[in-house]
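Participant: Before I ask anything, here is the structure I am working with.
Nothing in this text is a laboratory measurement; each read-out follows from the coordinates by a stated rule. On a predicted model such as this, the values are computed, not experimentally measured, just so you know. Neighbour counts are summed over all protein chains in view; Cβ atoms, including those assigned to glycine, are modelled from backbone coordinates with ideal geometry.
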Amino acid sequence: MSASHIVLVFMAMLVDLLAQKIKRPFNATSVMTLEGIRGAVTLALALSLPVELDYWYSIQSIAYGVVLFTLFIQTPIMPAVIRKFT
């Protein structure tokens with residue numbers, strides 16, 4: 001496990017602890033979950049893979065698909081979701 005993986009795990013644990021301390025209404029949590037930064041995280045992780053890895057190109061293609069889905073499907077529906085939950 002590399003140092004960057006350890007940092008990511010530590011940050012995830014820290015965010016989880018903070019989320020437990022901060023009481024958010026269900027609506028805000030739903031909106032934040034739907035419009036998360038999954039595309040950026042997916043792309044960053046895919047670009048960090050070594051080129052020598054088998055199926056490297058396939059993994060990067062899937063990552064770009066996730067980013068495009070986030071940009072062109074999730075983003076346009078956010079106003080409707082926010083209106084529904086607020």
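Participant: Apply 1/(1 + (r/R0)^6) to the Cβ-Cβ distance of ILE59 and MET13, taking R0 = 25 Å, and write down the FRET efficiency to the nearest 0.05. Mind dumping the intermediate values first?
Facilitator: Details: r = 26 Å, r/R0 = 1.03.
About 0.45, to the nearest 0.05.
Participant: Sorting check: for 77-83, 51-57, which peptide has the highest mean count of neighbouring beta carbons within 10 Å, and how do the rest follow? Don't jump to the answer; show the numbers that get you there.
Facilitator: Numbers: 77-83: 11.3, 51-57: 8.9.
Final packing ranking: 77-83, 51-57.
Participant: Next up: Just to verify a number: FRET efficiency for LEU45 and LEU68, C-beta to C-beta distance, R0 = 22 Å, to 0.05?
Facilitator: Efficiency, from the Cβ-Cβ distance: 0.85.
Participant: Taking 0.36 nm per intervening residue step and subtracting the Cα-Cα distance, what contour gain separates ALA80 from ILE6 on full extension? Intermediate results must be reported in sequence, preceding the final value.
Facilitator: On the way: separation 74, 0.36 × 74 = 26.64 nm, distance 3.75 nm.
Taking ALA80 through ILE6 to full extension adds about 22.9 nm, to one decimal.
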